[in-house]
Amino acid sequence: MKIIHKIEELKNILKDKRTLEIGLVPTMGALHEGHASLIKKSVEQNDFTVVSVFVNPVQFGINEDFDKYPRTLEKDAKLCENLGADIVFAPAVDEMYQDTKELTLVCPPYSAINKLCGKSRPGHFDGVATVVSKLFNITGCTKAYFGQKDAQQLFIIKKMVKDLNFNVEIVPCPIVRENDGLALSSRNSYLKEESREDALKLYKALKYAKELRQKGINDRQILCDSALKILEGTLVDYIEIVNPETFEDWQDEKEPALMLIAAKIAPTDTRLIDNMEI
């Protein structure tokens, strides 16, 4: 396995592999078992796998955690190698962006980003769509792997691929959880030991809402209010229920329903997200 830092070097390696199935796993590093599940699937389904490790400044807002986001490239590369990846692409910021002030951005439609994480993190999904587009173009991948924990991100990337005619198949991968239900996240490393019970409330709230629906309760407000009670002690950013196919507000009980939660966990104000089809 090779660790590549330069775009041209990676393109030169991949130009002879255009007849192969190339899998891309875009990450910001600090890899965990959730990422590992994506890498495993790519290795199984493709001839060649590239894992990108890049903390993308364009998707971080003012006062967000860009500077303290965990960076563990050596450990990440070892995991990738053990899983059978062929290349770790780990560019510097100035390699990916020569000028972030005058950068051409890929901007998803307002209707897709004016809610949920996009509402509280303005500009975030412009940054995500831009870096993912660059990675598609640099690697020429045929498949790209994304976790379903970032459900809004996955929806936006699938729409971008369709709207802009990228010749890439997006492969959604299930949320990976710890034994107690906590969704794996690189930001879990910020949590204090005493904060774990509060962090688990996201999963418990989702699970309870699902149980209520199984009992025949389909009132959107009751489902959200019931989840909110379980989240006491956290700073809730949002609780929403959407149709997972359109990401529009869930209205019809016959439609599939996806509940999404974002909340900050004291004392470090670690922002966690989770979701579940209920």
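Other residues whose C-beta falls under 15 angstrom from the C-beta of Ala262 contribute a net charge of 0, scoring Lys and Arg +1 and Asp and Glu -1. Most tightly packed first, judged by the mean number of other beta-carbon atoms within 10 Å of their residues, the peptides 99-106, 146-153 read 146-153, 99-106.
Annotation: amide H-H contacts under 5 Å for Ala266 (H modelled 1.01 Å from N, sequence separation of 5 or more, or interchain): Leu235.
Would you pull out the residues with amide H under 5 Å of Gln148's amide H, same chain only if 5 or more places away, H placed 1.01 Å from N? HN-HN under 5 Å from Gln148: Cys173, Ile175.
Share of the chain's accessible area from carbon and sulfur, percent, 1.4 Å?
Details: 6590 of 14000 Å².
That share works out to 47 percent.
3J(HN,Hα) couplings calculated from phi for the range 113-124 with the Karplus curve 6.51 cos²θ - 1.76 cosθ + 1.60 (θ = phi - 60°) are, in sequence order, 10, 8, 9, 6, 5, x, 6, 8, 10, x, x, 4 Hz; Gly and Pro show x.
Excluding Gly123 itself, what net charge comes from residues whose Cβ is under 14 Å from its Cβ, given Lys and Arg +1 and Asp and Glu -1? It would help to have the intermediate numbers written out before the result.
On the way: positive: Lys101, Lys119, Arg121; negative: Glu64, Asp126.
Once all neighbours under 14 Å are counted, the net charge is +1.
Taken as Cα centroids, the range 213-247 and the range 84-108 sit 36 Å apart, rounded to the nearest whole angstrom.
Under the convention that each Lys and Arg Cβ holds +1 and each Asp and Glu Cβ holds -1, the size of the dipole of the chain around its Cα centre is about 240 debye. Within the full protein context, the accessible area of Tyr69 is estimated at about 20 Å² for a probe radius of 1.4 Å.
Summary of the geometry: the range 118-194 and the range 57-74, compared by the centres of their Cα atoms, lie 15 Å apart. The packing ranking, built from the mean of other Cβ atoms within 10 Å per residue, places the peptides 261-271, 10-20, 30-40 in the order 30-40, 261-271, 10-20, highest first. Is the shape of the range 9-70 best called rounded, prolate or oblate, per the rule: a/c under 1.5 gives rounded, else a/b larger than b/c gives prolate, else oblate, with a ≥ b ≥ c the square roots of the Cα gyration tensor eigenvalues? It is oblate, given that a/c is not under 1.5 and a/b is not larger than b/c.
Any idea of the accessible area per residue across the range 122-204, 1.4 Å probe, to the nearest Å²? Display every interim value, and only then the final one.
Working: 3620 Å² over 83 residues.
That works out to 44 Å² for each residue.
Please give the residues of the range 239-257, grouped as numeric ranges, whose backbone N is less than 16 Å from a label point set 7 Å along the Cα-to-Cβ vector of Lys158. So the set is 242-250, 255-257. Using every pair of separate Cα atoms, the Kirkwood estimate puts the hydrodynamic radius of the chain at 19.7 angstrom.
The values are calculated or read from the model by the stated rules, or taken from the named source; none is laboratory data. Nothing here was measured: the structure is a model prediction, and the numbers come from that model. Neighbour counts run over all protein chains shown; Cβ positions are idealised from the backbone, glycine included. Surface areas here come from the heavy atoms of the whole protein model, side chains and all, with no ligands, DNA or RNA. Shrake-Rupley method; radii C 1.70, N 1.55, O 1.52, S 1.80 Å.
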